[in-house]
1. Does GLY98 meet the test of being surrounded by 17 or more Cβ atoms within 10 Å (Cβ to Cβ) and at positive phi?
2. Need the failing condition index for LEU167 against (1) at pLDDT 90 or above; (2) more than 20 Å from ALA52 (Cβ to Cβ); (3) surrounded by fewer than 20 Cβ atoms within 10 Å (Cβ to Cβ), just the number.
3. Find the residue count for the stretch 107-126, including only residues that are surrounded by fewer than 23 Cβ atoms within 10 Å (Cβ to Cβ) and in contact with a Gly (Cβ under 9 Å, 6 or more places away or on another chain).
4. Among the listed residues LEU9, LEU15, LEU70, identify the single one that is under 24 Å from LEU137 (Cα atoms), at pLDDT below 95 and among the aliphatic types (A, V, I, L, M).
5. Does the stretch 255-265 include one or more residues that are in contact (Cβ under 8 Å) with a residue 24 or more places away in the chain, within 15 Å of the ligand (Cβ to nearest atom), surrounded by 15 or more Cβ atoms within 10 Å (Cβ to Cβ) and of a type outside the set (Gly, Ala, Ser)?
6. Need the failing condition index for THR235 against (1) under 30 Å from SER225 (Cβ atoms); (2) out of contact with any Gly (no Cβ under 6 Å at 6 or more places or on another chain), just the number.
7. Exactly one condition in (1) surrounded by fewer than 16 Cβ atoms within 10 Å (Cβ to Cβ); (2) of a type in the set (Asp, Glu); (3) away from the ligand (no atom under 15 Å from the Cβ) is false for ASP279; which is it?
8. Considering only residues that are modelled with pLDDT of 95 or more and surrounded by 15 or more Cβ atoms within 10 Å (Cβ to Cβ), look in the stretch 19-47 and name the one that is farthest from THR88 (Cα to Cα).
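The values are calculated or read from the model by the stated rules, or taken from the named source; none is laboratory data. Because the structure is predicted, anything quoted here is derived from the model rather than measured. So basically every Cβ, Gly included, is an ideal-geometry build from the backbone, and we count neighbours across all protein chains shown.
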Amino acid sequence: MTSISATPLTRYARLADRARSAVEDNVAAVVSEHAGREAVAVQLEQLRGYPAALRRTTLSALGDYDVFELMLMSQVRYGTPYALWRDTPSGFAEDVLGEALFAQQRALLDATVTSPRVAAAMCFGSGKSHQVALLALWHRAVRAKDEGMTVVVVPHKTSCEDLHQILTMLSQANKVPYDHPAVYLTVPNDWRVLAGIHSPDTMIVVSDAGNLRPVQGKAVEQILSSSVRLVAVGTPNEEPGTWFEDLAQRSSTYAMRMSLLDLPSITGEACGQCRGCHDPRPHSPALHMADAQWAQRSIALYGYDHPKITARFPFETARSER
Ligand SMILES: [Zn+2]
């Protein structure tokens with residue numbers, strides 16, 4: 001099997017790695033030299049004030065040396081070369097990780113920037129674990145090592161191991177840090193287990209949220225304060241009354257849906273080349289998603305209204321039947 005490390009780093013990942021090493025290897029010299037570079041500092045702050053789209057376009061037009069200088073300044077000031085991606089998870093995934101995203105996936109990743117509580121209902125085969133991994137890596141990478149905390153809650157041990165593998169692969173392939181305990185991956189089996197987390201600027205990402213058990217939902221609720229962001233990603237369970245369904249119904253939650261009909265494997269939306277697997281042959285990420293044949297089989301098996309296809313919660317289905 002070809003190693004994922006054969007995939008070349010993106011320009012930003014390569015320059016960021018150099019900037020981080022430069023600072024870590026020779027902190028005093030780099031910091032004092034950079035303290036005098038007012039023009040770079042001014043440019044960094046100007047860019048930070050731009051809307052994400054304009055900032056990314058501006059960056060893409062700069063040469064490697066200028067980007068490297070900005071990343072070095074970012075590392076010195078903010079403890080990360082990626083401060084310029086702090087408000088754009090989709091921008092980070094595309095620019096730094098080289099991910100090929102489709103429109104709705106971008107919207108889903110970015111929802112957390114404007115909404116502190118997000119319930120993302122996704123159909124079967126839509127790359128939920130990958131989405132969770134992208135969010136966790138982004139949240140970690142755009143902060144200094146000791147700043148904030150990223151907690152990933154998973155209902156089962158096996159899905160926890162799968163997610164750990166995806167995170168490790170993405171981290172190594174892109175030289176983006178993924179380290180415990182900055183990224184805390186947990187299967188809570190006791191509602192008190194997360195109670196010790198008091199870090200301000202924490203983000204909780206719940207993976208496979210449709211299968212979260214009540215005690216696990218309670219564990220998450222325990223640490224939800226005003227400084228904690230929550231993104232729950234999963235396929236709704238057929239059974240009503242799950243924690244995920246309850247979350248999606250709250251007025252304070254921004255609820256999103258990605259049904260089978262939204263996937264590029266069905267719509268044909270172009271979304272670039274896959275970088276998320278070990279296959280070195282050029283292919284679209286849509287190849288890994290549920291397709292029309294799967295849909296036909298599943299509709300025959302479960303019916304049109306099944307959450308695996310519609311990503312709808314039981315309360316939504318009940319409402320539309322009234
Ligand atoms: Zn692939």
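1. Criteria met by GLY98.
2. Status for LEU167: all satisfied but (3).
3. 1
4. Every option except LEU9 fails the conditions.
5. Within the stretch 255-265 (the criterion being in contact (Cβ under 8 Å) with a residue 24 or more places away in the chain, within 15 Å of the ligand (Cβ to nearest atom), surrounded by 15 or more Cβ atoms within 10 Å (Cβ to Cβ) and of a type outside the set (Gly, Ala, Ser)), the answer is yes, since at least one residue qualifies.
6. (2)
7. The number of the failed condition is (3).
8. Step by step, filter the stretch 19-47, then rank; the result is GLN43.
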